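The values are calculated or read from the model by the stated rules, or taken from the named source; none is laboratory data. Owing to the predicted nature of the structure, the values given are computational and were not obtained by experimental measurement. When we count neighbours, we look across all protein chains shown, and the Cβ atoms used for this are built from the backbone with ideal geometry, even at glycine. Just the protein is used for accessible areas: all its heavy atoms, side chains included, with ligands, DNA and RNA removed. Shrake-Rupley method; radii C 1.70, N 1.55, O 1.52, S 1.80 Å.
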There are 2 protein chains.
Amino acid sequence: MNFKSLLQQKKVKPYILSARFGLEKESQRSKIDGRLATTEHPKVLGNRSYHPYIQTDFSETQIELITPVADSIDEVSRYLSAIQEVAYRSLEKEEILWPLSMPPKLPEKDEEIKIAKLDDFEETLYRQYLAKKYGKRKQMISGIHFNFEYSIDLIQHMFNEQSEFEKIEEFKNTLYMKIARNYLRYRWLITYLFGASPVCEKGYFTEQDKSLNEPVRSIRNSSFGYTNEEVAAVSYASLKNYLEDIHRLVENGILAKEKEFYSPVRLRGGKQISDLCHTGIRYIELRNLDLNPFTSLGIDEDTLRFLHIFLLYMLWTEELETPDEWIMTGNLVNNQIALMHPFQSINLLSEGDRIFREMFEMLDELELVEEKKLVDMYYQQLRAPETTIAGKMWTIIQENSNKELGIIFGSEYQAAILNEPYQLTGFQQMELSTQSFLFDTIQKGIAFEILDEQEQFLKLTHKNHVEYVKNANMTSKDSYIAPLIMQNKTVTKKILADAGFQVPVGEEFISLEQAQQAYLDYENKAFVIKPKTTNYGIGITIFKHGASLADFTLALELAFKEDQVVIIEEFLEGTEYRFFVLDGEVKAILLRIPANVIGDGLHTVEELIIEKNLDPLRGIGHRKPLEAIQLGKLEQLMLKEQALISVSIPKKDQFVYLRKNSNISTGGDSIDVTDEFNESYKKLAVEAVQALGAKICGIDFILSDEKKPINKNSKSYGIIEANFNPAMYMHIYPYKGKGRPLTMEVLKFLYPELNEQ
Amino acid sequence: MNFKSLLQQKKVKPYILSARFGLEKESQRSKIDGRLATTEHPKVLGNRSYHPYIQTDFSETQIELITPVADSIDEVSRYLSAIQEVAYRSLEKEEILWPLSMPPKLPEKDEEIKIAKLDDFEETLYRQYLAKKYGKRKQMISGIHFNFEYSIDLIQHMFNEQSEFEKIEEFKNTLYMKIARNYLRYRWLITYLFGASPVCEKGYFTEQDKSLNEPVRSIRNSSFGYTNEEVAAVSYASLKNYLEDIHRLVENGILAKEKEFYSPVRLRGGKQISDLCHTGIRYIELRNLDLNPFTSLGIDEDTLRFLHIFLLYMLWTEELETPDEWIMTGNLVNNQIALMHPFQSINLLSEGDRIFREMFEMLDELELVEEKKLVDMYYQQLRAPETTIAGKMWTIIQENSNKELGIIFGSEYQAAILNEPYQLTGFQQMELSTQSFLFDTIQKGIAFEILDEQEQFLKLTHKNHVEYVKNANMTSKDSYIAPLIMQNKTVTKKILADAGFQVPVGEEFISLEQAQQAYLDYENKAFVIKPKTTNYGIGITIFKHGASLADFTLALELAFKEDQVVIIEEFLEGTEYRFFVLDGEVKAILLRIPANVIGDGLHTVEELIIEKNLDPLRGIGHRKPLEAIQLGKLEQLMLKEQALISVSIPKKDQFVYLRKNSNISTGGDSIDVTDEFNESYKKLAVEAVQALGAKICGIDFILSDEKKPINKNSKSYGIIEANFNPAMYMHIYPYKGKGRPLTMEVLKFLYPELNEQ
């Protein structure tokens, strides 16, 4: 089969780079001083019996992060990044994920290396067998597995352009077998460029292994690493041979299970290797990638992109017609490269040159111009061994130590991840509440799919239980009519009033003249004039003790400047509170205070603002739970009303407001006051939300006497709004007070079975 | 208490006309030939034991229509109009509501007049008692009851301006007692203006009543009408006296129940008269209004407005301090007026002049300028008895007969109401589906409240079961997430595809350049290029057999003119059908055909369009189930494509399309094909809707082989859209085929208990 010519077909070219990707990353939990962690796998990560993203591999300390299948390298990196952040934030504070493939200092006694505590007894038995056969220490090595699948479009189009195969399944098997053979033959280049296990901690090897001459490029990919000697007995000549050979090894008891066969390339179909005969090869799994300590994820996007091109080249380049010999050569040269000193020049320069030359040719032929720069970057490393990952590691290890290397990078990654707990790297384009909800979803092991990123639309799956969620709070639990009621302020007020709750009386007007006629109704009342749609309090006038006709008219004019519909509404004296109600329970109460600074008698308003904005929770553009206070026109006006300018120095403890409106989005402070209210308030809020028929609701109360017990008929409250899409992040990360994990509450509301497990 | 001066207070004036209104209208069901109907109360009207709007009064034929309480005269008329339309459309085709107060020709034998068949045995017994005491025939007279309540604002503000009463309840009782007394004194003017029972059918009266000298103004309001002689024994001096007197009459067995007391003005509080001592007087009920045959409702808005002013005047004008004498005078003069010949000038002109003069003064003082014209219109009738209702009736009766009068107007009202079955007069501002839903709600006796007319937001109440409904199809039965899924076309397609359904593959593009790069993917496919938001097919290009790059680009340019986002989507060959699915069942399947006419070889396209538009179901502006076909620019273009112009004469049976798009809103034909599909199609549609988690959904299929049984994997279908707000009227009133009562289905889905009753 001439794949090279197929790849060059006009109809194939548009799909040349389309593929699907998945990553698995193992690493050892260790203490920040470089010793192996002694704690159990974090309980907060839910149950390993079904967790799709965070598992344990051989030992209790060996966390395995597994991404969903992604359509791009960018996407798969985002997934791994998010999953790793969840794992990190679920660890004990003094634990890190060891960033090296070779494990941190292991306990002297083997018994202290704990096999993963799994529910599945057979899995535990298998690990005991591995421990006995290979030794526990060897099982503690970690790495990256890279799953790679050509897109069905690419394969289909290539298939259409040939006539040798009648069935696409056979064509696909042939294609992946070629890639696998060539990868085994040429993987020495991957070991050279990305090998990253030059040394191990003292005491790692038992005596018989002292022949190892450290430093090398990759202990893990050498004969000292985690391999089966039986690999040589498995032929890659065809899928049939491959399957028969593995089957025989298991039948003869040489391997305990098919999955004990540790090839650097696994052919993947269904769950079991034996499924391959029905499914055909669906994708391949590269297993020879060491953890790169210079990137938090253990593998960077350049590496992934290079691997993608390299795999394309594996299909493009010719192979020898004697497959077993071809692969044996590959194994030999790979071991040679793996065991070389990281600074040493290699003896395969001419083959290396050929590989790169042909890759460049391929990129030219396929018009992949962008990718040439990337490949060139790695080509430069062919003659500069000290610039490869192993080379750079050795430079550091020489001056410090392997352990120091692990500690320095591990703690750096930990700090970066713990520093911004409210966000999920890779998903920052989504709303903070959705990021938080995704965090919880990953943590509890609910499988997620992003159906529409911009629209915050998620699909969740746990066993057979599917839920769709939008904006982290719109779910199947609420009925359709409830949000429609809340969306309509007139209807909301009518229903609440009918049910006996206090709501401000108000009217809408569509012209100045019409509104002026209502003057007599309001002359002596406390009332507000406001545009129907208000933005941060613009156009709102409050009359606490009635108004003259002139002032009334002026206020109307101001409001009509902002909107065609103006509301005159009874003014309720008091403080506004947001009650977050979920399934008949108040989960959080929040007080929002307009943007402000407090004087210290020394600094100017401007300096105080700069100081306050240093809070890591404060940012701009809704990327953080609090917004930075601005000093724009509206803020200057507000200062003026308080007889201040930006360079005034407020007195000690003077409360300086920068805004009238209390929105968090204009620099307001969020203060959790959930525990400060007595039960009567929570009961009232729950009842009001029930009257609206809602399950998830942010309901806003004006309260004038927060300490006094309250009931429906009290005059000390009024309900001013009910929100069907209430912000959650402001409760999770308030400026002051206790954070309330609302997204987790919503997740548990959707999946009550999580509590039972 | 000087109410006159209170009414003139500055703070009172803004509320002077604010009040609440309710109407009850009785009428006899009769055959179109003027005989009393012999059928039972229509079964389709649900159960009289709870029906809030349509009841029977004394006899099985005497329908009573009851409006909800309304805040304006306009509103109460709308209610009555809608309720009457529902009643009319629920009758047998040959039945009408007799438009006169005096009953149509009654059967000769009393036994043939059937007492209303009620579930409540006590109510039946009471009617038997009435029949015995007053005679069945007298109970057959019908009229209008008008419930009137001053707004709480008006009463509160008057109360605030006085100091005589400490409790508002006492103030209110005093106010309504004054109105009642004055109304009883001056009601002769109402009898004069609005009396409308000049004669009765032969055989109505038994012998002893032959002293009646027909014609008169109002038999019903005279001593020959339906009155108690005991009325004289009840004093209106105070609420206390009134209650004590009635109580005594019942105690002494003179009246069977308190409600047997038939005053022209009833004081109303709770359900029973005796409740008044707790509740105080909440409103008054005027019971002396005859059915006006010149208006379909039996009372027109001018009459109601005049009554409103007249009741205001009852409060304004002085009364004599001897209440019993005052009322006795009123009763005497009223009987005199009631029994005068309709053409005869009255002998109360000077009192009449004074009343009108004082009413004009009042209107001047209260600055009610508009109302003066109305009052003047009635003032003109004071000296022109033949222009009053009774006068006009006598003119017609002289030339025809009383029976003819009843038949002529009765059939006219019937025709008008049956002619446009799809609309509900008074609620035409609402969508047709909502009008239809309101119809069903009223018919089945579910109490409704319009929370927001523009937003089609209803509250329904049946016993303790409350439901909120928007647009007649958004309900508590659907979960919130289902419509959000359907609103998002990308998400909808993903979910359907994941569940194994066929959906057209498509991509979105935001620039011409980006879209052009996709050319190779579509070059040889059947595909559509369309703006993301399409209006009636503008900007859409279909390529059934691939496209050249030039045509591809041109189509993209056309689409990008209409929207910033353009979709390229697989084109599915076939015909589009709308499946309406409700709660797991296909309730209707509709085929929509683009606006068209069929040639007859004689008429021009233009003439054919005019002809087709004559269909009473066709209108403009979505006011009717079908839209008139236009002959605008798009239609002319479409003709041109068929080598026609508007004055061409198409051949016999030639199908001429006026539009490409099949929307009903651009003149398309709706054709019900529900019964033409085999079960496999319905099953598939139900499963697809279930995959989306929706209870109410309009799902659009493209089908290429409608006769062949189908399943999920069939290639002969594609799902192109799912609608969470599917139009229902087009299924209820299709152009061709059977109408499907979808709004009734929705109502029964919300209230399954309706089926059980």
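Filter the range A:490-545 down to the residues that are at pLDDT below 90, surrounded by fewer than 20 Cβ atoms within 10 Å (Cβ to Cβ) and of a type in the set (D, E, K, R), then identify the one that is nearest to the chain's Cα centre (by Cα).
Step by step, filter the range A:490-545, then rank; the result is A:532.
On the given criteria, is residue B:483 open to solvent by less than 20 Å² (accessible area, probe 1.4 Å), more than 14 Å from chain A (Cβ to nearest Cβ) and either out of contact with any Pro (no Cβ under 9 Å at 6 or more places or on another chain) or modelled with pLDDT of 90 or more (or both)?
So residue B:483 fails the test.
Identify, from the list A:670, A:714, A:662, A:680, the residue that is small (Gly, Ala, Ser), without any contact (Cβ under 8 Å) to a residue 60 or more places away in the chain and either open to solvent by less than 60 Å² (accessible area, probe 1.4 Å) or in contact with a helix residue (DSSP H, G or I) (Cβ under 8 Å, 6 or more places away or on another chain) (or both).
Exactly one of A:670, A:714, A:662, A:680 is small (Gly, Ala, Ser), without any contact (Cβ under 8 Å) to a residue 60 or more places away in the chain and either open to solvent by less than 60 Å² (accessible area, probe 1.4 Å) or in contact with a helix residue (DSSP H, G or I) (Cβ under 8 Å, 6 or more places away or on another chain) (or both), namely A:680.
So which residues in the range A:546-567 are in a helix (DSSP H, G or I), surrounded by 14 or more Cβ atoms within 10 Å (Cβ to Cβ) and free of Cβ contacts under 8 Å to residues at least 40 places away in the same chain?
A:552, A:554, A:555, A:558, A:559, A:562
When you go through (1) surrounded by fewer than 23 Cβ atoms within 10 Å (Cβ to Cβ); (2) in a helix (DSSP H, G or I); (3) not β-branched (Val, Ile, Thr) one by one for residue A:180, which number turns out not to apply?
Unmet for residue A:180, out of (1) surrounded by fewer than 23 Cβ atoms within 10 Å (Cβ to Cβ); (2) in a helix (DSSP H, G or I); (3) not β-branched (Val, Ile, Thr): (1).
Quickly run through the range B:486-515 and pick out the residues that are in contact with a strand residue (DSSP E or B) (Cβ under 6 Å, 6 or more places away or on another chain), closer than 20 Å to residue B:724 by Cβ and assigned to a helix (DSSP H, G or I).
B:486, B:490, B:491, B:492, B:494, B:496
Under 8 Å by Cβ, and 6 or more places apart or on different chains, what pairs join a residue from the range B:148-159 that is under 10 Å from residue B:17 (Cα atoms) with one that is of a type in the set (Val, Ile, Thr) and open to solvent by less than 10 Å² (accessible area, probe 1.4 Å)?
B:154/B:12; B:154/B:16
With hydroxyl-bearing (Ser, Thr, Tyr) and either more than 27 Å from the chain's Cα centre (by Cα) or surrounded by 24 or more Cβ atoms within 10 Å (Cβ to Cβ) (or both) as the only criterion, which of A:657, A:733 stands out? Before the answer, list the steps.
Details: A:733 fails: either more than 27 Å from the chain's Cα centre (by Cα) or surrounded by 24 or more Cβ atoms within 10 Å (Cβ to Cβ) (or both).
It is A:657.
Here's a check for you: in the range A:456-467, which residue that is within 10 Å of chain B (Cβ to nearest Cβ) and open to solvent by 30 Å² or more (accessible area, probe 1.4 Å) is nearest to residue A:422 (Cα to Cα)?
A:459
Among helices (runs of 4 or more DSSP H) lying entirely in the range B:206-322, which contain 3 or more residues that are in contact (Cβ under 8 Å) with a residue 24 or more places away in the chain?
Details: elements: B:239-251, B:276-279, B:301-316.
Where helices (runs of 4 or more DSSP H) fall fully within the range B:206-322 and carry at least 3 residues being in contact (Cβ under 8 Å) with a residue 24 or more places away in the chain, they are B:239-251, B:301-316.
Looking only at the range A:188-223, which residues are among the basic types (Lys, Arg) and in contact with a Leu (Cβ under 8 Å, 6 or more places away or on another chain)?
A:217
Being open to solvent by 10 Å² or more (accessible area, probe 1.4 Å) and either at pLDDT below 95 or of a type in the set (Ser, Thr, Tyr) (or both) narrows it down to one of B:324, B:302, so name that one.
B:324
When the residues of the range A:665-684 are filtered to those that are hydrophobic (A, V, I, L, M, F, W, C) and assigned to a loop (DSSP other than H, G, I, E, B), which remaining residue is farthest from residue A:735 (Cα to Cα)?
Of everything passing the filter in the range A:665-684, A:677 is farthest from residue A:735 (Cα to Cα).
Report, by residue number, each residue of the range B:685-703 that is away from chain A (no Cβ under 12 Å), in a strand (DSSP E or B) and of a type in the set (A, V, I, L, M).
B:699, B:702, B:703
For the range A:621-635, does any single residue satisfy the condition of being over 40 Å from the mean Cα position of the chain (by Cα) and of a type outside the set (D, E, K, R)?
no
Determine, yes or no, whether residue A:437 is assigned to a loop (DSSP other than H, G, I, E, B), open to solvent by less than 30 Å² (accessible area, probe 1.4 Å), more than 14 Å from residue B:494 (Cβ to Cβ) and away from chain B (no Cβ under 12 Å).
So residue A:437 does not fit the description; no.
Here is a yes/no grid of residues against (1) of a type outside the set (A, V, I, L, M); (2) outside the structural domain of residue A:606 (by the TED database):
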position	(1), (2)
A:637	no, no
A:646	yes, no
A:649	no, no
A:669	yes, yes
A:679	yes, yes
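In the range A:9-16, is there at least one residue being free of Cβ contacts under 8 Å to residues at least 12 places away in the same chain, more than 14 Å from the chain's Cα centre (by Cα), surrounded by fewer than 23 Cβ atoms within 10 Å (Cβ to Cβ) and in a loop (DSSP other than H, G, I, E, B)?
Yes, that holds for at least one residue.
Pairs under 9 Å by beta carbon, first residue within 26 Å of residue B:704 (Cβ to Cβ) and free of Cβ contacts under 8 Å to residues at least 40 places away in the same chain in the range B:501-528, partner open to solvent by 30 Å² or more (accessible area, probe 1.4 Å) and in a loop (DSSP other than H, G, I, E, B), six or more apart or different chains?
B:523/A:11; B:523/B:548; B:524/B:545
Could you tell me which residue of the range A:580-618 is nearest to residue A:415 (Cα to Cα), considering only residues that are among the aliphatic types (A, V, I, L, M) and in a helix (DSSP H, G or I)?
Only one residue fits best here, namely A:610.
Of the residues B:388, B:425, which single one is among the β-branched types (Val, Ile, Thr), outside the structural domain of residue B:76 (by the TED database) and either out of contact with any Ser or Thr (no Cβ under 6 Å at 6 or more places or on another chain) or open to solvent by 40 Å² or more (accessible area, probe 1.4 Å) (or both)?
Matching residue, one of B:388, B:425: B:425.
Return the residues of the range A:244-265 that are open to solvent by less than 30 Å² (accessible area, probe 1.4 Å) and not aromatic (Phe, Trp, Tyr); say none if nothing qualifies.
A:245, A:246, A:249, A:255, A:260, A:263, A:264, A:265
When the residues of the range B:441-455 are filtered to those that are open to solvent by less than 10 Å² (accessible area, probe 1.4 Å) and in contact with a Ser or Thr (Cβ under 8 Å, 6 or more places away or on another chain), which remaining residue is farthest from the other protein chains (Cβ to nearest Cβ)?
We begin by selecting, within the range B:441-455, every residue open to solvent by less than 10 Å² (accessible area, probe 1.4 Å); these are B:441-442, B:445-446, B:451.
Now drop any that are not in contact with a Ser or Thr (Cβ under 8 Å, 6 or more places away or on another chain), which leaves B:446, B:451.
Numbers: B:446: 16, B:451: 5 Å.
Restricting to residues being open to solvent by less than 10 Å² (accessible area, probe 1.4 Å) and in contact with a Ser or Thr (Cβ under 8 Å, 6 or more places away or on another chain), the top hit is B:446.
Just to be sure, is residue A:409 assigned to a helix (DSSP H, G or I), among the aromatic types (Phe, Trp, Tyr) and open to solvent by 10 Å² or more (accessible area, probe 1.4 Å)? Lay out the reasoning, then the answer.
Working: assigned to a helix (DSSP H, G or I): yes; among the aromatic types (Phe, Trp, Tyr): yes; open to solvent by 10 Å² or more (accessible area, probe 1.4 Å): yes.
Answer is yes for this residue.
From B:159, B:146, B:165, grab the single residue that is more than 35 Å from the chain's Cα centre (by Cα) and not in a loop (DSSP other than H, G, I, E, B).
Matching residue, one of B:159, B:146, B:165: B:159.
Give B:96, B:83, B:54, B:66 a once-over and let me know the one that is at pLDDT 95 or above, surrounded by fewer than 20 Cβ atoms within 10 Å (Cβ to Cβ) and within 27 Å of residue B:218 (Cβ to Cβ).
When all the criteria are applied, what remains is B:66.
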